[in-house]
Amino acid sequence: MKERAWINSTQQYQEMYDLSIQDPDKFWDEKAKELLHWFSPYSNVRAGSLTEGDIRWFENGKINVCYNCVDRHVLAGKGKQVAIISEGDSPDDVRSMTYEELQRQVSRVANLLKSMGIKKGDTVCIYLPMVIEAGIAMLACARIGAIHSVVFAGFSAHALASRIQDAKCRFVFTANESKRGGRVILLKHFVDEALKDCPTVESVVVLKNTNSDTHMHTGRDVWYHEVVPLQRPYCPCEWMDSEDPLFMLYTSGSTGKPKGILHTQGGYLLYTTITHRYIFDYHEGDIYACMADVGWITGHSYVVYGPLSNGATTFFFESTPLYPNPTRYFSMIHRHRITQFYTAPTAIRALMSVYKSEDVEGVFDLSSLRVLGSVGEPINPPAWMWYEKEVGRGECAVVDTYWQTETGGIVMTPLPGVTATKPGACCSPFFGVKPHLLDPQTGEELLETEAKGVLAFSAIWPSIGRTVFGDHERYLATYMQPYPGYYFSGDGAYRDKDGYYWIIGRVDDVISVSGHRIGTAEVESALVSHEACSEAAVVAVPHDVKGQAIFAYCCLKEGYGGTSASLVEQLRLAVRGEVGPFATPDTVLVVPGLPKTRSGKIMRRLLRKIATHETELGDVSTLADPSIVAALVDLVAATTNA
């Protein structure tokens, strides 16, 4: 293995981990002073509890995230170092920006925001493709104390509008179009549609990402390239309290409305900084590349904030792993001399399905790689082993990371040079993280080494999400109250005889499609928005590439008979239009009814088993109409055999 580890032995890891659990104030105080710049010292390392949800870190400390990610590196003499490399949809669309250039551009955008009336505490929506300007917009918000809400550019106008409304955004950054995998996505059109229902938005700044004609609303819309260069290239950093909001990011829940998870300044930045440095073995001169979009938490923490806080060269990737051909990832590693590469199991499985060794071996030099990472969903062992062999050439550490939007940073992972990995296991907790397996019915901790239960955490770590924006009761009800005294992850896990953790998957109604968490209620709501659909139930089924796929059962209203292909396609398009293309069901099955208990609860357990052709369905005596089960089994069988 080629890692140059910060932590070089199991003993060193254990000593550091024990200190982080037994004396967290000492551990995190040392790391906060070592890794971050504070304008004014904090009075207390941590306070609050999981019970009340009043968690706070580095109380009363004054800091600025943008200063830590940009200015301090310029002042330290690293201004000429490349901060960001970006590669667009086409492999020859490559840009780079040094830390000096980044400081100037972020300052210009920050001054633009201020000139348009945005101030500390205001919310700004960022709906941009994976271009450098997305990171600049995030950092500009952080510079002046505005709260950014990045919305993944794959979301529909309806989904965008709901997030803008909930966050009460006054300002939107977007682009005229996005290019991804050879397709053009009409971002500005979606913004125009969304803003019909968003009266709080006063201004829209539009990045000219393509040369297509774009409709601009007079008095509201301005071009990025026309207004940004007019601004002064220096903007002073706002002194922020460690617990001031930094950003909110919406994540799907088991109820229909997405949750705006709120993250704050000091604790979040410290945790993303330390996890990036240790888990990816980052050292000066490395070229670090995470393939995530900033529309998701991985892009926030491990494309923007963690790497830039460490003074790294980070990577923005706008395209897909198979475009324009299946060697895209290999070519990027070769051309940019990438040292750490972080992507999702979905991408790995997609590459596996089309990989030809003769197209890679002897063509692309992958020797720069030291660490490979996996994120977004559990990685199946065959994919892990293929990744390690064909991309890492058996010479790289593989870190299979587990974390969530709500955790802010990686909480379970192997460490390069330390952990003896097992394909498919996220292995061990990071510093300050204390995992537990609980009995799902009783909530009692499963103390035996080998056990299976729901995954929860008892210690607070610096980057844990602080609340659901505007709804703290929902925050408590979702994460803190299901198992009092613990943060409830919503995932099931297995701990093996060696104490390694393996994530089994969601225990609530959230589906992970290609690493995107999609609430079943949001998809079901989109289906019943179609005039023909009276009721819908959505479940996850295994998928060789995406990990999970969406299987939808739909009941039709009276007068809408038949199961024509056109109607099924209309139902799929209803989801695509309301939520986004990534949430489109693979299967929509029109059914006469759904299995419900006598109290009216839909038995999704049965629907999952039927969709995956399981024959042992268990007890159905509690159903109001047990005969519906046989009807559904026959329909699924007929659809599969058709």
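Answer yes or no as to whether residue 100 is more than 30 Å from residue 183 (Cβ to Cβ) and either among the small types (Gly, Ala, Ser) or part of a helix (DSSP H, G or I) (or both).
Working: more than 30 Å from residue 183 (Cβ to Cβ): yes; either among the small types (Gly, Ala, Ser) or part of a helix (DSSP H, G or I) (or both): yes.
Answer is yes for this residue.
Would you call residue 432 out of contact with any Gly (no Cβ under 7 Å at 6 or more places or on another chain), buried (at least 21 other Cβ atoms within 10 Å of the Cβ), under 30 Å from residue 246 (Cα atoms) and among the small types (Gly, Ala, Ser)? Steps first, answer last, please.
Values: out of contact with any Gly (no Cβ under 7 Å at 6 or more places or on another chain): yes; buried (at least 21 other Cβ atoms within 10 Å of the Cβ): yes; under 30 Å from residue 246 (Cα atoms): yes; among the small types (Gly, Ala, Ser): yes.
So residue 432 fits the description; yes.
Output the number of residues of segment 84-112 satisfying the condition of being of a type in the set (Gly, Ala, Ser) and touching a helix residue (DSSP H, G or I) at 6+ places or on another chain (Cβ under 8 Å). If you could, list the steps in order and put the result at the bottom.
Quick first cut of segment 84-112, residues of a type in the set (Gly, Ala, Ser) only: 86, 88, 90, 96, 107, 110.
Next, only the ones that are touching a helix residue (DSSP H, G or I) at 6+ places or on another chain (Cβ under 8 Å) stay: 86, 107, 110.
The number of residues fulfilling the criteria is 3.
Restricting to segment 516-539, and then to whatever is assigned to a strand (DSSP E or B) and under 20 Å from residue 155 (Cα atoms), can you tell me which residue is modelled with the highest pLDDT?
Of segment 516-539, the ones assigned to a strand (DSSP E or B) are 516-519, 533-539.
From what's left, under 20 Å from residue 155 (Cα atoms): 516-519, 538.
On the way: 516: 82, 517: 74, 518: 83, 519: 73, 538: 92.
So the residue we want is 538.
Counting just the residues of segment 502-512 that are touching an Asp or Glu at 6+ places or on another chain (Cβ under 9 Å) and not in a loop (DSSP other than H, G, I, E, B), which one comes out farthest from residue 450 (Cα to Cα)?
512
Filter segment 419-443 for residues that are under 21 Å from residue 383 (Cα atoms), in contact (Cβ under 8 Å) with a residue 40 or more places away in the chain, among the hydrophobic types (A, V, I, L, M, F, W, C) and part of a loop (DSSP other than H, G, I, E, B) and give the result.
Within segment 419-443, 425, 426 qualify.
Restricting attention to segment 222-251, and to residues there that are assigned to a strand (DSSP E or B) and farther than 30 Å from residue 179 by Cβ, which single residue is nearest to the chain's Cα centre (by Cα)?
Keep residues of segment 222-251 that are assigned to a strand (DSSP E or B), which gives 222-223, 240-241, 245-251.
Now restrict to residues that are farther than 30 Å from residue 179 by Cβ: 240-241, 245.
Working: 240: 25, 241: 25, 245: 18 Å.
Residue satisfying both the conditions and the ranking: 245.
So residue 612 passes all but one of these: (1) in contact with a strand residue (DSSP E or B) (Cβ under 7 Å, 6 or more places away or on another chain); (2) modelled with pLDDT under 90; (3) loosely packed, with under 14 Cβ neighbours inside 10 Å. Which condition number does it fail?
(2)
Any residue in segment 13-26 that's without any contact (Cβ under 8 Å) to a residue 40 or more places away in the chain: show its pairings with residues that are among the aliphatic types (A, V, I, L, M) at Cβ separation under 8 Å, as long as the two are six or more apart or on different chains.
Short answer, once both residue conditions are applied: 25/45; 26/19.
Condition test on residue 225, is it out of contact with any Gly (no Cβ under 7 Å at 6 or more places or on another chain), of a type outside the set (Val, Ile, Thr), surrounded by 24 or more Cβ atoms within 10 Å (Cβ to Cβ) and modelled with pLDDT of 95 or more? Talk me through it step by step, then tell me what you get.
Values: out of contact with any Gly (no Cβ under 7 Å at 6 or more places or on another chain): yes; of a type outside the set (Val, Ile, Thr): yes; surrounded by 24 or more Cβ atoms within 10 Å (Cβ to Cβ): no; modelled with pLDDT of 95 or more: yes.
No, not satisfied.
For residues that are surrounded by fewer than 24 Cβ atoms within 10 Å (Cβ to Cβ) and over 16 Å from the mean Cα position of the chain (by Cα), scanning just segment 283-312, find the one that is nearest to residue 182 (Cα to Cα).
The selected residue is 287.
Please work out if residue 642 is farther than 17 Å from residue 538 by Cα, at pLDDT 90 or above and of a type in the set (Gly, Ala, Ser).
Values: farther than 17 Å from residue 538 by Cα: yes; at pLDDT 90 or above: no; of a type in the set (Gly, Ala, Ser): yes.
Taking the combined requirement at face value, the residue does not satisfy it.
Evaluate segment 2-13: report whether one residue or more is of a type in the set (S, T, N, Q), surrounded by 14 or more Cβ atoms within 10 Å (Cβ to Cβ), outside any helix (DSSP H, G or I) and modelled with pLDDT under 95. Please lay out each step first, then the result.
First, pick out the residues of segment 2-13 that are of a type in the set (S, T, N, Q): 8-12.
Now drop any that are not surrounded by 14 or more Cβ atoms within 10 Å (Cβ to Cβ), which leaves 8, 10, 12.
This time we only want the ones that are outside any helix (DSSP H, G or I), so: 8.
So of that shortlist, the ones also modelled with pLDDT under 95 come out as 8.
The answer is yes, given that some residue of segment 2-13 is of a type in the set (S, T, N, Q), surrounded by 14 or more Cβ atoms within 10 Å (Cβ to Cβ), outside any helix (DSSP H, G or I) and modelled with pLDDT under 95.
Just name the residue that is modelled with the lowest pLDDT out of those in segment 593-609 that are farther than 17 Å from residue 524 by Cα and surrounded by fewer than 14 Cβ atoms within 10 Å (Cβ to Cβ).
599
Looking only at segment 275-282, decide whether some residue is over 17 Å from the mean Cα position of the chain (by Cα), at pLDDT below 95 and β-branched (Val, Ile, Thr).
Of segment 275-282, the ones over 17 Å from the mean Cα position of the chain (by Cα) are 277-282.
The next check asks that each one be at pLDDT below 95; those that pass are none.
No: zero hits.
Checking residue 234 against (1) surrounded by 17 or more Cβ atoms within 10 Å (Cβ to Cβ); (2) in contact with a Ser or Thr (Cβ under 6 Å, 6 or more places away or on another chain); (3) closer than 30 Å to residue 41 by Cβ, which test does it fail?
Here residue 234 meets the rest and fails (1).
Out of the residues in segment 399-418 that are in contact (Cβ under 8 Å) with a residue 40 or more places away in the chain and more than 19 Å from the chain's Cα centre (by Cα), state the one that is surrounded by the most Cβ atoms within 10 Å (Cβ to Cβ).
The extreme case among them is 416.
Just one of the numbered conditions (1) closer than 20 Å to residue 509 by Cβ; (2) surrounded by fewer than 17 Cβ atoms within 10 Å (Cβ to Cβ); (3) at pLDDT 90 or above; (4) of a type in the set (A, V, I, L, M, F, W, C) is not true of residue 573; which one?
The failed condition is (1).
Only residues that are in contact (Cβ under 8 Å) with a residue 40 or more places away in the chain and either assigned to a strand (DSSP E or B) or touching a helix residue (DSSP H, G or I) at 6+ places or on another chain (Cβ under 6 Å) (or both): list them for segment 540-563, please. Break it down stepwise before answering.
Start the filter on segment 540-563 by keeping residues that are in contact (Cβ under 8 Å) with a residue 40 or more places away in the chain, which leaves 540-548, 551, 553.
Listed by number, the residues that qualify are 540, 541, 542, 543, 545, 546, 547, 548, 551, 553.
Mind listing whichever residues of segment 446-487 are basic (Lys, Arg) and outside any loop (DSSP other than H, G, I, E, B)? Full working, then the answer.
Step one: of segment 446-487, the residues basic (Lys, Arg) are 452, 466, 474.
Answer for segment 446-487, where residues must be basic (Lys, Arg) and outside any loop (DSSP other than H, G, I, E, B): 452, 474.
State all residues of segment 178-216 that are modelled with pLDDT of 95 or more and part of a helix (DSSP H, G or I); if no residue qualifies, say none.
187, 188, 189, 190, 191, 192, 193, 194, 195, 196
Just checking, how many residues over segment 269-305 are among the β-branched types (Val, Ile, Thr), within 15 Å of residue 65 (Cβ to Cβ) and in contact with a Leu (Cβ under 9 Å, 6 or more places away or on another chain)?
Just the residues of segment 269-305 that are among the β-branched types (Val, Ile, Thr), to begin with: 272-275, 279, 287, 294, 297-298, 303-304.
Next, only the ones that are within 15 Å of residue 65 (Cβ to Cβ) stay: 272-274, 294, 303-304.
Filter once more, so that each one left must be in contact with a Leu (Cβ under 9 Å, 6 or more places away or on another chain): 273-274, 294, 304.
Number of matching residues: 4.
Can you tell me which residue among 154, 219 is within 25 Å of the chain's Cα centre (by Cα), surrounded by fewer than 22 Cβ atoms within 10 Å (Cβ to Cβ), of a type in the set (Gly, Ala, Ser) and not in a helix (DSSP H, G or I)?
Working: 219 fails: within 25 Å of the chain's Cα centre (by Cα).
Testing whether each residue is within 25 Å of the chain's Cα centre (by Cα), surrounded by fewer than 22 Cβ atoms within 10 Å (Cβ to Cβ), of a type in the set (Gly, Ala, Ser) and not in a helix (DSSP H, G or I) leaves just 154.
For segment 14-25, name all the residues that are out of contact with any Lys or Arg (no Cβ under 8 Å at 6 or more places or on another chain) and surrounded by 12 or more Cβ atoms within 10 Å (Cβ to Cβ).
Start the filter on segment 14-25 by keeping residues that are out of contact with any Lys or Arg (no Cβ under 8 Å at 6 or more places or on another chain), which leaves 14-18, 20, 22-23.
Correct list: 14, 15, 16, 17, 18, 20.
The values are calculated or read from the model by the stated rules, or taken from the named source; none is laboratory data. Because the structure is predicted, anything quoted here is derived from the model rather than measured. A quick note on method: Cβ atoms are made from the backbone with ideal geometry, for glycine too, and the neighbour counts reach across all protein chains shown.
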